[in-house]
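Chemist: Quick one: this structure, given as structure tokens, is what I'll be asking you about.
Every number in this text was worked out from the coordinates using simple rules, so none of it is lab data. Everything numeric here is computed off the predicted structure, so don't read it as measured data. Virtual Cβ from ideal backbone geometry, glycine too; neighbours counted across all protein chains shown.
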Amino acid sequence: MKLTKEEKQSLIQAKSETDWYSICDDIKSKRNGIYPNYLAREILEIFNNKFPVDKYKDLSFGQIINRKSFLNWLTLGWLAFAGATGGFFTVIIRFLFPNVLFEPPQSFKIGFPNDFEAGKVDLRFKKSHNVWIVRDDEKIIALSTVCTHLGCTPNWLEADRKFKCPCHGSGFRSSGMHFEGPAPRPLERYRIVLSNDGQILVDKTKKFNYEKGEWNRTESFLKV
Ligand code: FES
């Protein structure tokens, strides 16, 4: 039997917890000492409304944390762990595969001798390979685009027939010879040969310096 209206009322009006338990005993005795679950639930609901408690007061962390919040904490923990582990492995992978600077090949073909006009400075390979190709009546040379003063890149001035460095004004002839400004020596030349297919091959791994008497060496120029 559920709580009667009067029983409910008396429970609601109970003045203290002692009072409450004696009313409960009365209710129980009226039912021959039987206290079924549905009755207990009804009484508990009234009790909770009447004597609300701070349910977290005096409880330890372990008691406070219920299953749901425990799972939430566990999920957060796993996410933090996964984040930290991911960061760690990212650093390791970056370490194993460092940034690689892809430079153009040091040896490359530039075409056939007839592709280059006598008396002309060819600028086509300046950007891609840092090389000027210069042909005169007798030979073709491959000049480095690096100024021998402090390493800037000069410009070819066709009207003046010279390379002019924008940094400190050094000037170089089309042969690479320096003639004005602070550059202490001529531009460097690179190895230049004919490959098997008849094309010109420039090889930047081998340099020829005028001041060392290397401009006369074979492969410092290509005879045409
Ligand atoms: S770097 Fe070319 S003149 Fe100084």
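Chemist: Would you pick out the residues in the stretch 170-209 that are out of contact with any Lys or Arg (no Cβ under 9 Å at 6 or more places or on another chain), over 16 Å from Ile140 (Cβ atoms) and away from the ligand (no atom under 15 Å from the Cβ)?
Modeler: Asn196
Chemist: Go through the stretch 148-169 and give me each residue that's on the phi < 0 side of the Ramachandran plot and near the ligand (Cβ under 10 Å from one of its atoms).
Modeler: Thr148, His149, Leu150, Cys152, Thr153, Pro154, Phe163, Lys164, Cys165, Pro166, Cys167, His168
Chemist: All but one of (1) of a type outside the set (Val, Ile, Thr); (2) crowded, with 16+ Cβ neighbours inside 10 Å; (3) within 16 Å of the ligand (Cβ to nearest atom) hold for Phe116; state the number of the condition that does not hold.
Modeler: Failed condition: (3).
Chemist: Suppose we filter the stretch 122-150 for residues that are under 16 Å from Trp215 (Cβ atoms) and aromatic (Phe, Trp, Tyr); how many remain?
Modeler: 1
Chemist: Then there is this: Those residues that are crowded, with 20+ Cβ neighbours inside 10 Å, part of a loop (DSSP other than H, G, I, E, B) and among the small types (Gly, Ala, Ser), I need them from the stretch 135-173; list them, please.
Modeler: Across the stretch 135-173, the qualifying residue is only Ser170.
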